[in-house]
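Worksheet: one structure, shown below.
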Amino acid sequence: MAVSHTELQSLIRNPSESLSTEVKTWLNLTTDDGKANLIRAILALRNHNGGRIIIGFDASTMLPDEAKRPDTFRIDYSIDKVQQLVGKYASPLFEVLVDFVERDRSLFPVITIPSGIKTPVMVRVDLTSQKKPIKQNEVYVRALQNHTPSSIIARPEDWDALLQRCFDNREADIGTFLRRHLGSIDESVFRGFANTIAASKDVFQTDQDLLRSLLTESENRFTKVLKPKKDGLADFGTWEVVLIVQGKAPVHAMNEVLNLIKLHNPNYTGWPIWMDPRHIDKSTPPFVFEGFWESLIIDMSYGNSVDFMRFSPEGKFSLIRGYFEDLPVAKDAPPPFKTLDMVGVIRDVAETIAVGLALARGWHFGSPGATLGFLFRWNRINGRALVTRRNRRQYPFMSPAVQDMVESTVLVPIDAPESMIATHVRKVVDDLFVVFNGTSADIGMVESETKSVLQRKNHFNP
């Protein structure tokens, strides 16, 4: 369950709390108070279907708290110690991961709690604490208290969402079972069955022209915003996506939008799709332009990233991201404009759809039949070879593309479980892969990489 070190460095450089990320100062894990504090957070994040705990930062300033750093932090926060606490106080048991990530020549622990919850996790035995003890059979969840993410005992209103996460993960197992054992049945049978179900309820449709108009508008804005910052930046291709959520939702004010992004983005990676841009580069803060928050982020220190994002209160999102393959990369990488990583494409599409679902639900687009319309576009792919890069040194080349641009649209119901995300991902990526000498994505690879994203696993981990 290794996590990309580059992604974790991005996370440590720009710590921020959300429903899936908790920031804590150094805890004294030799005391019951410190143990209870950490266990409460771990159990709450597990019941939230995974997340991360960043240790060693002041939660109010998001700056390193060096004054409280213990000399024995490498031992206190070792995987053996943390897993031992989980084993003693969590029921059912689950595995966690601990990484030590460097920032300004100091190391900070990051605890990753995986997704995949199928049964609510509760406290196994009492842990006495003078401040906030935890008691046997208590169930903790992540929730908003006074607009602040917190780890609290589950309230009656929290149980529906908690049980839905468990059902969705169980349904994922059933979906995998059906695809494995009924794989010989023509896919049109399943599509016909799905269409029959969809016809039985009102479904919001997203006009492709509306999606394409939003994408064209975003491309024009990207060109204009990037122009004054382009000096010294090497040429690169881009992949792009727009999302329009169709359904009824409460009216959100413009000043609420970025907080909604921060709170409800699951942060599957350290450099997530549609991230909260406020803490990335304070010299280029996000701004409002004609009804959208806009943000251009150029980061060549760790992530080799160029991102242009737009968000509107009505549930319209766009992202234009430079190809990692074209930006400064490892010295053993092929030259720019020569390759496109198959695994990276699958993971990007999977994360985009999963984040879109999380944001739409956080926006409270809860009306029956609400849908998410995505339009993906890959530019400047002519002459590129599709590669299956499982590490940074192996590039098995396939036939290059002769087409320069590919688009793919997909409509995703807002109540789509995690088990269905891989199906939508395969549809999208096949529209791209086919121009590489008729290549088609293996459903096993798509399912594996989609699951890996949702469980916050490393891009390069087999």
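Throughout, read-outs are computed from the coordinates displayed, never taken from laboratory work. Note that the structure is predicted; figures quoted are calculated from it, not measured. Note: ideal-geometry Cβ built from the backbone for every residue, glycine included; neighbour counts use all protein chains shown.
What Kirkwood radius, in Å to one decimal, follows from the Cα pairs of segment 208-454?
Kirkwood radius, segment 208-454: 18.5 Å.
Starting from the Cα of Lys88, draw a straight line to each of the lysines and keep only those under 23 Å, dropping any in the same chain fewer than 8 residues away.
Lys24, Lys35, Lys118, Lys131, Lys132, Lys135
I need the fraction of alpha carbon pairs in the chain separated by more than 29 Å, rounded to a whole percent.
Distances greater than 29 Å cover 49 percent of the Cα pairs.
What is the Rg over Rh value, at two decimals, for segment 211-285, using alpha-carbon atoms and the Kirkwood definition of Rh?
A ratio of 0.98.
Treating cross-link reach as a plain straight distance, find the aspartates and glutamates whose alpha-carbon is under 19 Å from the alpha-carbon of Lys451, omitting any fewer than eight places away in the same chain.
Glu7, Glu95, Asp168, Glu171, Asp173, Asp341, Asp348, Glu351, Asp415, Glu418, Asp430, Asp442
With the cut-off at 21 Å, report for segment 27-95 the share of all Cα pairs above it, as a whole percent.
Every Cα pair in segment 27-95 considered, those over 21 Å come to 26 percent.
With contacts defined as alpha carbon pairs under 8 Å and 6 or more residues apart, what's the relative contact order of the chain in percent?
17
Quickly work out the Leu144-to-Asn259 label distance, labels modelled 7 Å from Cα along the C-beta direction, and quote it in nm with one decimal.
If labels sit at Asn259 and Leu144, their model points lie 0.7 nm apart.
What whole-number distance in Å separates the alpha-carbon centres of segment 419-451 and segment 356-389?
Between the Cα centres of segment 419-451 and segment 356-389 lies a distance of 13 Å.
Quick one: Debye curve from the alpha-carbon atoms of segment 5-161 only, equal weights, vacuum; give me log10 I(q)/I(0) at q = 0.11, 0.14, 0.19 Å⁻¹ to two decimals.
The computed values of log10 I(q)/I(0) come out as -0.40, -0.66, -1.25.
Nearest 10 degrees is fine. How inclined is helix 342-362 to the longest principal axis of the chain, computing both from alpha carbons?
Taking the Cα atoms of the chain, the angle to 342-362 is about 60 degrees.
If a paramagnetic tag sat 7 Å from the Cα of Lys338 along the Cα-Cβ line, which residues of segment 400-437 would have the backbone N under 16 Å from that point?
Under cut-off, by backbone N: 400-401.
Only bridges with both residues in the chain count here: give the DSSP antiparallel percent, nearest 5.
90
Neighbouring Cβ atoms within 10 Å as the yardstick, rank Met309, Met122 fewest first.
The order, fewest Cβ neighbours first, is Met122, Met309.
Out of the DSSP beta bridges found with both residues in segment 5-161, what percent are antiparallel (nearest 5)?
The antiparallel proportion sits near 85 percent.
Cross-link partners among lysines for Lys227, C-alpha distance below 20 Å, same-chain residues fewer than 8 apart left out?
Partners within reach: Lys282.
At 222 nm, what helix-only mean residue ellipticity would the chain give, in deg cm²/dmol to the nearest 500, using -39500 (n - 2.57) for each DSSP H run of four or more?
-10500 deg cm²/dmol
Rounded to the nearest 0.05, what FRET efficiency do Asp32 and Phe167 have when you use their Cβ-Cβ distance and R0 = 41 Å?
Efficiency, rounded to the nearest 0.05: 0.75.
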